[in-house]
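Notes to accompany the following structure.
The values are calculated or read from the model by the stated rules, or taken from the named source; none is laboratory data. Note that the coordinates shown come from a computational prediction; the quantities given were computed from them, not determined experimentally. Virtual Cβ from ideal backbone geometry, glycine too; neighbours counted across all protein chains shown.
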Amino acid sequence: AWGGPGVPYARWVTSVTVRVPAKVNLQLGVGPLRDDGYHDLVNVFCAVSLFDEVTAAPADDLAVTVQAAPDAQVAIGGVPVDGDNLAVRAARLVADRLGVRPLVSLAIRKAIPVAGGMAGGSADAAAALVACARLWDDPAAPKLDLDALLALGAELGSDVPFALLGGVAVGLGRGERLTPVPAGGTFHWVFATADGGLSTPAVYAECDRLRAAQGEETPWPAESPELMAALAAGDARALGAALTNDLQPAAIMLRPSLRRTVDTGRDLGALGALVSGSGPTCAFLAADEQHAADLAAALAAADVAASVVRAHGPVPGATIL
Ligand code: C5P
């Protein structure tokens, strides 16, 4: 029997599907390198309406499949389909924690760019945590509540806890110590994807290298008051002016074509233009939905991206459908 005593959910459900958003970093302040190989961050996350879906179904074994979502131009070639897959690792972690066997098939439908700086892998891990916790829910045993899932998520990756929460949040530490922040409105974004991902560790390492070459001490990052005020007010123009990403110089150094993509979006009237997280996706803030549509069309015509997609945020985190 699944999960021991009681009547586990998996006995009478055929599958659980969870929808999970991508993120864009409104501020990514990178502090000095720590002894554990991570950097202390001030990371202001915003969840945006570009969603992956993960369906978990009882199976004889632990297995994963990955496909692009209908209409999404996502190159899924870079996603591992073995034990390295973050969703598979999430399923194992939940099974260990609940004392059940990880007999589940995970079907991932991706609309979030792979290795794109939008936390797509972390999103899939978060979705798998929620889906497996539900699948193996045993009415006779204590539930895995949100706090338990957030702790499991932090074991899997720095951005996984945020994918569970969604909305807007400030992440300190590695980015996993989250404080939700209310936003005063919805913001409209255009994202320019690139062919081929960037490795997050490589971008952080390049950031360290650039800083060492400058020979200055890395300042401790601080939350931007202008950014927080713009968020609270729902003021897209002020938010656009306050967007910052300390990883951007490193991402551009590793992928010089990103400079032209960012500059083109700004020239075409984006209120803010920057590399998303560790890249190579670039993010452009628009004034409203119509402006986002116009900007997306102009960016697509400018031929500076593999694909151009629109999304709005904040949106909720991982949600069972
Ligand atoms: O935690 P996660 O596995 O998502 O991080 C991937 C890599 O990104 C880390 O191994 C590290 O090289 C880098 N990283 C960092 N500082 C952080 C978060 C991530 O240096 N706060």
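So the values come out like this:
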item: Sole exception among (1) without any contact (Cβ under 8 Å) to a residue 60 or more places away in the chain; (2) buried (at least 23 other Cβ atoms within 10 Å of the Cβ); (3) assigned to a loop (DSSP other than H, G, I, E, B) for Ala270, by number; result: (1)
item: Gly167 vs. criteria surrounded by fewer than 21 Cβ atoms within 10 Å (Cβ to Cβ), more than 16 Å from the ligand (Cβ to nearest atom) and assigned by TED's automatic domain parsing to the domain that holds Pro80; result: yes
item: Close pairs (7 angstrom Cβ cut-off, 6 or more residues apart or separate chains): at positive phi and within 16 Å of the ligand (Cβ to nearest atom) in region 171-185, assigned to a strand (DSSP E or B) and not aliphatic (A, V, I, L, M) anywhere; result: Gly173/Asp40; Gly175/Asn43
item: Lone unmet requirement of (1) charged (D, E, K, R); (2) touching a Gly at 6+ places or on another chain (Cβ under 7 Å); (3) under 30 Å from Asp96 (Cα atoms) for Asp246; result: (3)
item: Entirely in region 142-238, the strands (runs of 3 or more DSSP E) that have 3 or more residues that are within 20 Å of Arg89 (Cβ to Cβ) and touching a Ser or Thr at 6+ places or on another chain (Cβ under 8 Å); result: none
item: All positions within region 106-125 that are modelled with pLDDT of 95 or more and within 12 Å of the ligand (Cβ to nearest atom); result: Gly117, Ala119, Gly120, Gly121, Ser122, Ala123, Ala125
item: Residue match in region 149-163 (condition: in contact with an Asp or Glu (Cβ under 8 Å, 6 or more places away or on another chain) and more than 27 Å from Asp96 (Cβ to Cβ)); result: no
item: Those residues of region 55-79 which are exposed (fewer than 14 other Cβ atoms within 10 Å of the Cβ) and either among the hydrophobic types (A, V, I, L, M, F, W, C) or assigned to a loop (DSSP other than H, G, I, E, B) (or both), in sequence order; result: Ala59, Asp60, Asp61, Pro70, Asp71, Gln73
item: Residue under evaluation Gly78, criteria (1) in contact with a Leu (Cβ under 9 Å, 6 or more places away or on another chain); (2) within 16 Å of the ligand (Cβ to nearest atom), criterion not met; result: (1)
item: Residue among Ala126, Ala151, Ala192, Ala202 that alone is surrounded by fewer than 16 Cβ atoms within 10 Å (Cβ to Cβ) and either assigned by TED's automatic domain parsing to the domain that holds Ala242 or in contact (Cβ under 8 Å) with a residue 24 or more places away in the chain (or both); result: Ala202
